[in-house]
Amino acid sequence: MIRFLTESKMDAATLTSLSVNASFPLANIIDTKLKKTYRTTGLLNEWIKFDLGGAEQLLSFCFFYSNLTPSATITLYGSATDLGNTEASWAGAAYSQVITDFDQRAGFLDLSQTYQWWMLAISDSANTSGYIELGRIFAGVHVSPEDNISESLREGLVDSSIVNFTQGRSAYGTTREKFKQFSFDFTDIDSDDQQTLRDLFNEVGKTEPFVIIFDSDVEPVELTRYGLFTSDLEFSSTPNYRANCALSFVELR
Amino acid sequence: MISQSSVNTRARVFLKIELDGLTLRYSDHDMYAKDTDGNYYFWEARIKSLGNVTAGFNDFKEAAETTSAVTISLFNGKRADPEDTLDDLVSDYFWGGKTATIFVAEPTEIQEANTMDTGYLTVGPDVTMGPDVFMGDYSLTPYFAHSEYVLADADIIFKGKISFPNVFSLYSDTELEFSIYDDRYLSETLLNPNIYQTGIVETDTTYPYIRDTDVSKQIPVIYGDHSNLPIAYAAMTDTSENLSTTFKVADTAGLAAGQAPVSYIDLDCLVDDGVIKIYSVDETTATLVIFTKYLQPDSRVYARVKGKTRGTNIASNFGGSSSDLLEHPVEVLYDLLSNYLGVPDSRIDLDSFTDFQDANPDLVCKAYFDKPVSIAEIIPSLTFEFGMDLFSLGEKFYLSTLTFAAPTSVTQITEDDFAPESFKVSVDPNRMYANKVSVLFDPFYQEDQFTNGLELIHSQKRSFHGIETNLQYQCVWNHEDDQIVNRFGRLLYIASLPPRQVNFKGMAPCFARRPNDVLEVNHFIYSSQNLYLRQISKNLNDFTADVSCWDIGVLDVKDWATALASVPATLSDAQNASHAIYHGDLTITDGFNDELYLAYNGAGSTVVALTPGTYDTPELLAAHISAQLTATAGASVTVTYSRSTGKFTLSAPANFEINWTSFYSASVARCNLGFDETVHLTGTNTYTSTYVCPFDGVNQVSSWD
């Protein structure tokens, strides 16, 4: 089922961590710019602690842009109280879950927990960088229409590189980032789902970045994207007060 | 450094703006990168567009260096945070006149991404799509690479100052646009801002006894040797009620370390119409003292002076004594950049400056500035009058010149180096064709008040085209005849070609080129042709470059040789008349210079007739003379012309003589080929010209005072 995650509870949290490289401060993990990253000074038992100020529900936990290797161990803990400043002291937390669904572009965890204190613990001994780097953490309560998107999901991988061809038919390229863009449809959705989309679009429009999780059920990390709507919200009516709706989304890098 | 050999580049552009108390760092991509101080900073992706960075010159006929300026456009809109705009920065900080630097850097380290390779998508209520639908194998693509950029290893593409007072050319809720200029064009700094003031206003520089007629006159700044003429006006700066009166000739303000305003004041000065002796001089204060009894109430005093001394910095960078006269144009240029515009040595490519000076050690310049004049105004005249090509590239000023020797290095350009349909050739697009150059002298600097200038004439081209087309100049700094002939003769050579301009859009290998580079091209009408790059405009979006070159011939030794030293100082009228070829004219005139007198292998002297007419090249003339001598001698007499030496050589299997009989007789019309007429050619079978025969447009322009 598709999920739209528009607000991150972590943006208002009080953040602490085991270590931080002063040039890459901890506040960067809640900065909207993915490449404005946070870096640790070590690789083992590193942690970031979030105090949300009160109990808050998290249904989706995502992070974007990291240098984690596949062998990294990432664990999310939740607790009603602050259990201390080591991962070991959080071993008995009310909630803990190892995050396995991740790569260097994104990570995703499906959960349904409500706590004030959260800890994200990471160990990555195989990381040759000597530090752990994280771009953006985005976690909170998503919205989903009752009806999922139709089968007509369209995905493109765009290369924004510039290529110049010469008279002699060779080529020179200025390599730039690739990014994904998606087009998807809601078919024959009822008025409640239409309102859900209206509320969503009113909140983010085409300027506020948010997270789309296209499929929260099965290995969703590939389909967890941070970006913007690029289309306006339009409904085309179908019988019985239902409607079709087409939307486009582009990934931010 | 943009790799010139790579087909692809991951280069990124970085912009640093140094406001008071805040440094802004922007790029075309969000990223962390190491600044030049070795620390990591976040460079925000706010660069919307960058104008091309241009360096070089428009053409040759005037001091027309392309203005070095770059237009920058930044995104102003918010990214996510409503406060995340540039508005606060614009309102809280002053941007005008602040330094901005543009870097281009390739990554020093690239880590390919580690990504998951397949996945599943569930759509609709219960339908599961398999892994082959559209996932692909992402682990093979450099999708989310981490790249390290270090600006200490980057190229500085441009460094300048934000324009002022008109700071922002566009300021909206989405965009902020401004331009940065190199140091020369931002500043209207006056070379000589100080004036003679009477001290009425408390803060004024005080010259209480200054004459009313001198009040508010500029205190002069003097360069070079003016000791041949009393040109330096001496303003009276104390009361004439004393036995002696003090006068001032130059400004002591604005001097570099170790500099004096004048290096010499002659003890003979001009007072009204008479010469009197100065009692004392002080070069460090640029003052002189005259006994009052020699002065009338309104006497006007003029001194013979030599201008500023070199100072410590010039002596350190260029060698020599700091107390010597500052008169070499390269050193004067350095003085203007360093002392008046405040350009530090780190931003002047001193190697290129000293190279130019080493190649032209005897150049001298002089100028007397008693009217307000800005640095931005006089630098172009100085550089143009001495053939110095000054351009800014990156963060530095470079000095180069068109080399008239064979180029030591060339860059080969092929079809793989430029965009399709971009290679275009234009003949004299700026209409600079000329077959005459006139350089007018300001009588102020000349001893001979009746000498009004120099004319340089390409007589061959003038006669061929039948139309005289003249470029006219008046020099501010260059007043030496031989220097002017050398400098403007070369300009005439180029102008008379006429020159062809070649433009093309070059790929990455061209991006690092610079003005006066020599490109060798094989394309279109050219086969291994040298082109002189005069202007390059670099595109920071795709790292291509719009290149403008000039086909001004193979400027090697065979096409140019200074030959003035070999020309006799004076010739009689008759010698002038009969030495048309000697003076560079390839015309044989009936009854004028259409005969030679040959005695071959012991035979008597025989007249050899030459066919009247104008010969296109000295080689053609030599071939004709050879044919006529051969026909007369009955043996092969070879006549050749060497473009590198400018001399004719005659040779034959046996000894022969060329007789110069009946000098100065109008009835004898002999053709001299640069030989000394007082010496008959005899005793051997090969002779070479005594004097150089410089032919217009071949290796010499003729000049007449």
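The values are calculated or read from the model by the stated rules, or taken from the named source; none is laboratory data. Values in this document were obtained by computation on a predicted structure and should not be read as measured data. Cβ atoms come from the backbone with ideal geometry, glycine included; neighbour counts cover every protein chain shown.
Taking the criterion of being part of a loop (DSSP other than H, G, I, E, B) and either surrounded by 20 or more Cβ atoms within 10 Å (Cβ to Cβ) or touching a strand residue (DSSP E or B) at 6+ places or on another chain (Cβ under 7 Å) (or both), the residues of segment B:230-241 that qualify are B:230, B:231, B:237, B:238.
Quick check, is residue A:164 at the interface with chain B (Cβ under 9 Å from one of its Cβ atoms), out of contact with any helix residue (DSSP H, G or I) (no Cβ under 8 Å at 6 or more places or on another chain) and either part of a loop (DSSP other than H, G, I, E, B) or among the polar types (S, T, N, Q) (or both)? Reasoning before the result, please.
On the way: at the interface with chain B (Cβ under 9 Å from one of its Cβ atoms): yes; out of contact with any helix residue (DSSP H, G or I) (no Cβ under 8 Å at 6 or more places or on another chain): yes; either part of a loop (DSSP other than H, G, I, E, B) or among the polar types (S, T, N, Q) (or both): yes.
Yes; evaluated as a whole, the condition is true for this residue.
Return the only residue of B:337, B:270 being closer than 27 Å to residue B:398 by Cβ, touching a residue at least 24 places away in the same chain (Cβ under 8 Å) and crowded, with 16+ Cβ neighbours inside 10 Å. Steps first, please.
Working: B:270 fails: closer than 27 Å to residue B:398 by Cβ.
Every option except B:337 fails the conditions.
Across segment A:203-253, the number of residues qualifying as part of a loop (DSSP other than H, G, I, E, B), out of contact with any strand residue (DSSP E or B) (no Cβ under 6 Å at 6 or more places or on another chain) and within 14 Å of residue A:106 (Cα to Cα) comes to 2. The residue that is nearest to residue A:144 (Cα to Cα), among those in segment A:172-200 that are crowded, with 19+ Cβ neighbours inside 10 Å and aromatic (Phe, Trp, Tyr), is A:186.
Among the residues of segment A:114-136, the ones that are buried (at least 20 other Cβ atoms within 10 Å of the Cβ), of a type outside the set (Ser, Thr, Tyr) and more than 14 Å from every other protein chain (Cβ to nearest Cβ) come to 6 in all. The one condition from (1) in contact (Cβ under 8 Å) with a residue 12 or more places away in the chain; (2) under 17 Å from residue A:223 (Cα atoms) that residue A:151 does not meet is (1). Across segment A:149-160, a minimum of one residue is classified as hydrophobic (A, V, I, L, M, F, W, C), facing another protein chain (nearest Cβ under 9 Å) and either surrounded by fewer than 16 Cβ atoms within 10 Å (Cβ to Cβ) or closer than 30 Å to residue B:423 by Cα (or both). Scanning segment A:211-244 for residues that are over 17 Å from residue A:4 (Cβ atoms) and among the polar types (S, T, N, Q), we see that the one that is surrounded by the most Cβ atoms within 10 Å (Cβ to Cβ) is A:244.
Evaluated against (1) in contact with a Gly (Cβ under 9 Å, 6 or more places away or on another chain); (2) in contact (Cβ under 8 Å) with a residue 12 or more places away in the chain; (3) crowded, with 16+ Cβ neighbours inside 10 Å, residue A:207 falls short on exactly one condition, (3).
So that you can scan it fast, the table gives a plain yes or no per residue for (1) within 14 Å of another protein chain (Cβ to nearest Cβ); (2) at pLDDT 85 or above:
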| residue | (1), (2) |
| --- | --- |
| B:369 | no, yes |
| B:393 | no, no |
| B:403 | no, no |
| B:406 | no, no |
| B:415 | yes, yes |
| B:426 | no, yes |
| B:445 | no, no |
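For segment A:44-71, the tally of residues that are more than 19 Å from residue A:28 (Cβ to Cβ), of a type in the set (A, V, I, L, M, F, W, C) and assigned to a loop (DSSP other than H, G, I, E, B) stands at 1. Looking at (1) more than 7 Å from chain B (Cβ to nearest Cβ); (2) surrounded by fewer than 21 Cβ atoms within 10 Å (Cβ to Cβ); (3) small (Gly, Ala, Ser), which is the one condition that is false for residue A:139? Unmet for residue A:139, out of (1) more than 7 Å from chain B (Cβ to nearest Cβ); (2) surrounded by fewer than 21 Cβ atoms within 10 Å (Cβ to Cβ); (3) small (Gly, Ala, Ser): (2). Mind checking whether some residue in segment A:192-207 is at pLDDT below 95 and within 9 Å of another protein chain (Cβ to nearest Cβ)? So far as segment A:192-207 goes, yes, one or more of its residues are at pLDDT below 95 and within 9 Å of another protein chain (Cβ to nearest Cβ). Residue B:640 meets each of the listed conditions (1) surrounded by fewer than 17 Cβ atoms within 10 Å (Cβ to Cβ); (2) β-branched (Val, Ile, Thr); (3) in a loop (DSSP other than H, G, I, E, B); (4) at pLDDT 75 or above apart from (3).
To keep it simple, each residue is scored yes or no on (1) assigned to a strand (DSSP E or B); (2) within 13 Å of chain B (Cβ to nearest Cβ); (3) crowded, with 22+ Cβ neighbours inside 10 Å.
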site: A:1; (1), (2), (3): no, yes, no
site: A:7; (1), (2), (3): no, yes, no
site: A:11; (1), (2), (3): no, yes, no
site: A:22; (1), (2), (3): no, yes, no
site: A:29; (1), (2), (3): no, no, yes
site: A:35; (1), (2), (3): no, yes, yes
site: A:42; (1), (2), (3): no, no, no
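Restricting segment A:221-245 to residues that are aliphatic (A, V, I, L, M) and within 14 Å of chain B (Cβ to nearest Cβ), the residue that is farthest from residue A:201 (Cα to Cα) is A:221.
Each row is one residue, and each column tells you yes or no for (1) at positive phi; (2) assigned to a helix (DSSP H, G or I).
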position	(1), (2)
B:327	no, no
B:334	no, yes
B:339	no, yes
B:352	no, yes
B:356	no, yes
B:365	no, no
B:372	no, no
B:383	no, yes
B:387	yes, no
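Can you pull out every residue in segment B:170-194 that is in a strand (DSSP E or B), more than 20 Å from residue B:13 (Cβ to Cβ) and either in contact with a Pro (Cβ under 8 Å, 6 or more places away or on another chain) or small (Gly, Ala, Ser) (or both)? Scanning segment B:170-194 gives a single hit, B:190. Taking the criterion of being outside any strand (DSSP E or B), modelled with pLDDT of 90 or more and of a type outside the set (Phe, Trp, Tyr), the residues of segment B:141-152 that qualify are B:151, B:152.
Can we say residue B:74 is part of a helix (DSSP H, G or I), at pLDDT 90 or above and among the aliphatic types (A, V, I, L, M)?
Numbers: part of a helix (DSSP H, G or I): no; at pLDDT 90 or above: yes; among the aliphatic types (A, V, I, L, M): yes.
In short, no.
Checking residue A:81 against (1) more than 22 Å from residue A:100 (Cβ to Cβ); (2) in contact with a Ser or Thr (Cβ under 8 Å, 6 or more places away or on another chain), which single condition isn't satisfied? Just one mismatch for residue A:81, condition (2).
Going through (1) closer than 22 Å to residue B:214 by Cβ; (2) buried (at least 21 other Cβ atoms within 10 Å of the Cβ) one by one, residue B:302 falls short only on (2). Residues being free of Cβ contacts under 8 Å to residues at least 24 places away in the same chain and not acidic (Asp, Glu) are represented in segment A:9-21 by at least one member. Contact map, segment B:516-531: residues that are within 14 Å of chain A (Cβ to nearest Cβ) paired with residues that are in a strand (DSSP E or B), Cβ distance under 7 Å, separation 6+ or inter-chain. Pairs shown: B:521/B:413; B:521/B:529; B:521/B:531; B:522/B:528; B:524/B:425.
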